[in-house]
Structure formats: C-alpha cells, structure tokens
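Inspection log for the structure reproduced underneath, given as structure tokens.
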Amino acid sequence: MSFEKFEILKDRLRNFVHVNSQDYEELRDNLDDPEAGEVRAIFQAEWRELMAGALSRSEYEALTDDEFEDDAEYQAYLAAIYGYLFEGGAYPARG
C-alpha cells in the first residue's frame, strides 16, 4: 500500500477527533485492531512528526476544531495523547 504524507494521520483525525466527537478511545481501539498494523505504524510515525512540528497548531486545530491557548499547551497535549495512544498512559485532561 502507498499513502500520501500525513494521509493516515489526517484521515484518522477527521474520523475520530472533530467538532462532533473527540473520541481518542475509539481511535486507540481502531489503531490497536490486529489488522491495522501498517496503518498503526504509519500513524504513530506521523504523530511523532506532528509532535516535532510537521503540522502547525493552526493546521491541527483546523483538522480537529480543537483550540489551544498557546504552542506549549498544544505540544504538551500532543505528547499526552501520544502516551495515551501508544504507551498505555492515562487519557489527558484539559482545562
């Protein structure tokens, strides 16, 4: 399979993390599906790039309709979500 850069990430965000639903639990379940191996690996790599600044805060906010006070809050949230999705961390609280 061949995917465009950030196609997997953007597709999963549009489907699971948007104005009508912030369902990271369902996203985690989707990525943990045994048949999602390649998609999970790509998503995880793309999320690492996201944390490294590959997409700006405003680009992420446009994809998810989420809002952050500043870049520091945005970066902390991305790291917390990564921990939740891939490292067994707790679901991050905001606010």
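No value in this document is a laboratory result; all are computed from the given coordinates. Just so we're clear, the structure is a prediction, and the values are computed from it rather than from any experiment. In this analysis, Cβ positions are derived from the backbone assuming ideal geometry, glycine residues included, and neighbour counts consider all displayed protein chains.
Here are a few things to note about the model shown:
- If you plug the beta carbon distance of Asp70 and Glu49 into 1/(1 + (r/R0)^6) with R0 = 22 Å, you get a FRET efficiency near 0.60.
- Take every pair of alpha-carbon atoms less than 8 Å apart whose residues are at least six positions apart; their mean separation over the length of the chain yields a relative contact order of 26 percent.
- Counted residue by residue at 0.36 nm each, then reduced by the alpha carbon distance between them, the extension gain from Glu38 to Ala90 reaches 16.3 nm.
- Sparse packing (at most 15 other Cβ atoms within 10 Å of the Cβ) combined with a DSSP loop state is found for the following trypsin sites (Lys or Arg not before Pro) in the chain: Lys5, Arg94.
- Among Glu69, Glu49, Glu26, residue whose mean-square fluctuation peaks in a GNM of the chain (springs only between Cα atoms under 10 Å): Glu69
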